1. How many residues does region 131-153 hold that are free of Cβ contacts under 8 Å to residues at least 60 places away in the same chain and either under 12 Å from L195 (Cβ atoms) or within 21 Å of the chain's Cα centre (by Cα) (or both)?
2. L119 - would you say it is assigned to a strand (DSSP E or B), closer than 19 Å to F219 by Cα, touching a residue at least 60 places away in the same chain (Cβ under 8 Å) and of a type in the set (A, V, I, L, M, F, W, C)?
3. Step by step: first the residues of region 154-190, then only those that are buried (at least 20 other Cβ atoms within 10 Å of the Cβ) and farther than 30 Å from D81 by Cβ, then the one that is farthest from the chain's Cα centre (by Cα). Which residue is that?
4. Mind checking which residues of region 106-130 are within 20 Å of the chain's Cα centre (by Cα) and crowded, with 17+ Cβ neighbours inside 10 Å?
5. Tally the residues that are farther than 21 Å from Y249 by Cβ and in contact with a Cys (Cβ under 8 Å, 6 or more places away or on another chain), restricting the search to region 67-94.
6. Return the residues of region 196-221 that are surrounded by 20 or more Cβ atoms within 10 Å (Cβ to Cβ) and touching a helix residue (DSSP H, G or I) at 6+ places or on another chain (Cβ under 8 Å); say none if nothing qualifies.
7. Which of the following residues is assigned to a loop (DSSP other than H, G, I, E, B), touching a strand residue (DSSP E or B) at 6+ places or on another chain (Cβ under 9 Å) and hydroxyl-bearing (S, T, Y): S322, S292, S254?
8. I'm checking my understanding of the structure. Among residues of region 207-257 that are under 30 Å from L124 (Cα atoms) and among the hydroxyl-bearing types (S, T, Y), which one is farthest from the chain's Cα centre (by Cα)?
Amino acid sequence: MNFKEGDIRPQDLEKKCDELREEDLKVFFSDTSKFVTVNCPACHSASYKRQFEKGIFSFCECERCETLFINPRPTHNMLADFYTNSKSIQFWNDKIFPASEDTRRQSIFAPRAQRVGDLCRKYLTEAKMLLDVGAGFGTFCEEATKLNIFQKVIAVEPAQGLAQTCRNKGIEVIEKTIEKADLNQAISVITNFELIEHLFDPIDFVKACHSALINGGLFIVTTPNIKGFDLMTLGPISDNIIGPNHMNYFYPKSIKILLERCGFEVIEILTPGKLDAEIVHNKILNGYFDVSGQPFLRHILINEWEKLGKSFQYFLASNLLSSHLWVVARKI
């Protein structure tokens with residue numbers, strides 16, 4: 001099923017969510033003096049340069065590995081309070097996701113589960129137990145269960161409301177973060193989708209996942225690719241580049257550095273995104289991005305959009321140039 005940006009991000013609801021987010025910033029992050037300085041979340045280098053400001057947040061680039069990250073950033077406790085009590089997050093959970101769940105299930109979650117199944121068949125002799133960290137509404141867990149290749153699928157979801165939603169769907173739930181979960185089961189696959197970019201400390205998260213896996217187990221992560229087309233092209237005006245929701249922006253090289261630091265072997269990297277070209281196309285049409293001085297982009301994304309748009313997106317996805325990044329790693 002083909003889908004467009006508006007199918008998963010209804011504009012009227014997104015606008016309301018943005019308004020609530022501005023209110024949240026005043027409530028949870030009014031005192032930026034409490035923000036803390038961190039090293040690069042990928043290579044841990046203390047050498048970085050400020051790239052741009054967006055709202056109250058500073059986005060810095062690591063001078064060693066070129067990871068982009070918010071620095072200084074809200075503390076772990078400030079972020080936990082935000083994700084627990086934020087009106088914008090609650091609105092997203094109550095309105096945006098339910099309004100787009102059918103499209104997301106068909107266009108995102110079912111194909112995502114199928115890809116995970118294919119990767120497990122490719123790299124594992126037996127996939128006994130799958131742990132989905134940050135399971136949200138449990139839609140992926142439902143689709144993964146339908147594959148009938150896992151003996152058990154477990155959701156890790158620390159948010160009380162979302163955890164209950166998963167239970168209502170018959171999914172076994174661990175209502176804690178992976179860092180605090182007491183796992184005494186042999187986990188052969190851990191998945192986490194669009195999660196690592198939100199975390200205060202990705203290193204602690206990846207180490208906890210490494211510890212939970214059996215030797216040879218798979219760690220499958222998706223996250224925005226800061227070297228992908230729409231993020232590189234739009235930069236600060238990208239809707240994806242937003243604090244505090246997204247703190248860390250990796251790309252193939254830097255996330256490989258992170259995973260290898262934590263004891264993983266990266267065995268496959270993909271960028272199967274489908275929306276990069278359309279996202280930039282829409283920004284141009286809506287007057288947010290000027291390509292009058294960029295004839296190539298104007299030719300591809302405006303003048304010949306109907307003819308070249310899909311093939312251009314295929315080129316991006318096939319050459320690790322989409323902003324939707326998949327990484328498959330194995331516990332050594």
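1. Residues flagged as free of Cβ contacts under 8 Å to residues at least 60 places away in the same chain and either under 12 Å from L195 (Cβ atoms) or within 21 Å of the chain's Cα centre (by Cα) (or both) within region 131-153 amount to 11.
2. Taking the combined requirement at face value, the residue does not satisfy it.
3. S188
4. Of everything in region 106-130, those that are within 20 Å of the chain's Cα centre (by Cα) and crowded, with 17+ Cβ neighbours inside 10 Å turn out to be S107, I108, F109, A110, R112, A113, V116, G117, L119, L130.
5. The qualifying residues number 1.
6. I196, L199, F200, P202, F205, V206, L218, F219, I220, V221
7. S322
8. S211
The values are calculated or read from the model by the stated rules, or taken from the named source; none is laboratory data. As the structure is a computational prediction, the values presented were derived from the model and not from experiment. All Cβ positions, glycine included, derive from the backbone under ideal geometry; neighbour counts span all protein chains shown.
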